[in-house]
Amino acid sequence: MTSVTPSPTPDVLCADLVRVYQSRGVEVQALQGLNLRVDPGELVAIVGESGSGKSTLLGILSGLDTPTAGTVRVAGHDLLALTPKQRVGFRRHDVGFVWQQTGRNLLPYLTVQQNIDAVTSIARTGSPAERAARSDELIALLGLEALRDRRPELLSGGQQQRAAIAVALANRPRVLFADEPTGELDDAASIDVLEALRSVNEQNGVTTVIVTHDPSVSEHVRRTVQIRDGRTSTETVRSTRTDEHGAEQVHAEEFAVLDRVGRLQLPAEFTAALGLHDRVRLALEPDQIAVRPDETQEPRP
Ligand SMILES: Nc1ncnc2c1ncn2[C@@H]1O[C@H](COP(=O)(O)OP(=O)(O)O)[C@@H](O)[C@H]1O
Ligand SMILES: [Mg+2]
C-alpha cells in the first residue's frame, strides 16, 4: 500500500551542512554534509553520541553560529541571508530555546512569572492584557500554577526545565529547540520534561526539535533522527496500531537516510557480516538495489 503525503514547506531544512572548527591549527569537522527536514508541527528527536555534532547543529539552527558550507532555512528564513538586525529579530520572534544547563534558561533573580513576562515585554508581543493572558496560558499549559512566584533556586531541576519551556514559548515561536533538556535530570524528572514537551507540541502545534545523547528519548517522539559523524544516518519512525484484541501496539521502524546525491551509510554490522570494505558491487533489481562483495577482493572481518 502506498500513500502520497503532500509536502508542506518545512520549518527546518538543512542541505549539505558543513561546520569546520579551527582549534590551535587543527581542523575539527563537526558537521560533514548534514541533511535534515522537519515539517510544521512535527516533534523530532535528534540522537547521537557525545561529539557527533548535535550542539553545533542547534547553534546553527538557532542563529547563534553560521555553517562553513551548505544551506539552512528555519521558520521561513534563509539563515545565511539574514542581516545582523534580522538575525536578532529571528532569535527574538521565530524560535525558542531550552538549553541543557538549567541555569542558562532562567534569570536567577526573577520568579517564574517574571521570567515569562520578561520575554513577552522584550518581544513586545501584544498589549499588556494579551501578555498577561499569554503568561497565564503558559503557566497552566506547563502545570506551574503553584510555582509561579518562586525563583529558580527554589525549584527542582525538572520544574526549572518546565519553567524554561514556558519561557521559550512566551514569544510564540514557530520552532522550539531543546539541547539535552534532560541532561542534568534523573529518570523521573526526564520523563516529566519530555512529556511536557510532547503535550506542548500536541496542544500548541509548535514545531519541536530535541537534541540528546539519550536514546530512550525516542520512546517519547514519533520520529527520531540518528546523527553519526556529523551526518544524519538513520531514522526511526514509531507508530501505534490497535491489534485484533484491541490492545495498542507500538511499532518502531528504522530507515537509512538517503541524501540528495544518493549517499547512504551502511550499518557497520551489515558490512562486517559480509566483510565488505573499500569497494562493493551494486546491482539494480526489479524492486531493490543489491550490495555485494567484490569477489576479486579478500573479505575483511
Ligand atoms: N568551538 C569549538 N571549537 C573547536 N571544536 C569544537 C567547538 N565546538 C565543538 N567542537 C568539536 O566539534 C565536535 C562536535 O561537537 P558538538 O557539536 O558539541 O557535539 P555534541 O553536542 O553532539 O556532543 C566535537 O568533536 C567537538 O569537540
Ligand atoms: Mg552537545
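Using a ≥ b ≥ c from the Cα gyration tensor of the stretch 160-301 (square roots of the eigenvalues), is it rounded, prolate or oblate, where a/c under 1.5 gives rounded and otherwise the larger of a/b and b/c decides, a/b for prolate? In terms of gyration-tensor shape, prolate.
Excluding T208 itself, calculate the net charge of residues whose Cβ lies under 13 Å from the Cβ of T208, where each Lys or Arg counts +1 and each Asp or Glu counts -1. Net local charge, T208 excluded: -2.
Ordering L80, A30, A178 by the projection of their Cα atoms onto the charge dipole of the chain, which places +1 on the Cβ of Lys and Arg and -1 on the Cβ of Asp and Glu, puts L80 at the extreme positive end. Applying both filters, DSSP loop and at most 13 other Cβ atoms within 10 Å, to the GluC sites (Glu not before Pro) of the stretch 193-280 gives E244.
Amide H contacts of F97 (H built 1.01 Å from N, in plane; Pro and chain starts excluded): F177 sit under 5 Å, all sequence-distant by 5 or more or on other chains. Relative to the longest principal axis of the Cα atoms of the chain, helix 128-141 runs at roughly 60 degrees.
With respect to the chain, whose longest principal axis is taken over its alpha-carbon atoms, helix 112-123 is tilted by about 80°.
In units of the rule-of-thumb radius 2.2 N^0.38 Å, the stretch 58-118 shows an alpha carbon radius of gyration of 1.32. Computed over every Cα-Cα pair of the stretch 1-156 and binned at 5 Å starting from 0, the pair-distance distribution P(r) comes out as 2, 7, 13, 16, 16, 16, 13, 10, 6, 2, 1, 0 percent. Close amide H partners of T68, meaning residues 5 or more places away or on another chain with modelled amide H under 5 Å apart, are V18, R19, V20. Dividing the mean sequence gap of close Cα pairs (under 8 Å, 6+ apart) by how many residues the chain holds gives a relative contact order of 20 percent. With viscosity set to 1.567 mPa s at 4 °C, what whole-number translational diffusion coefficient in µm²/s follows for the chain from Stokes-Einstein and a Kirkwood radius over Cα pairs? It comes out at roughly 61 µm²/s.
Computed from the coordinates by the stated procedures, all read-outs in this text should not be read as laboratory data. It should be emphasised that the depicted structure is a prediction, and the values quoted were computed from it without experimental measurement. For neighbour counting, all protein chains shown are included, and Cβ atoms are generated from backbone atoms with ideal geometry for every residue, glycine included.
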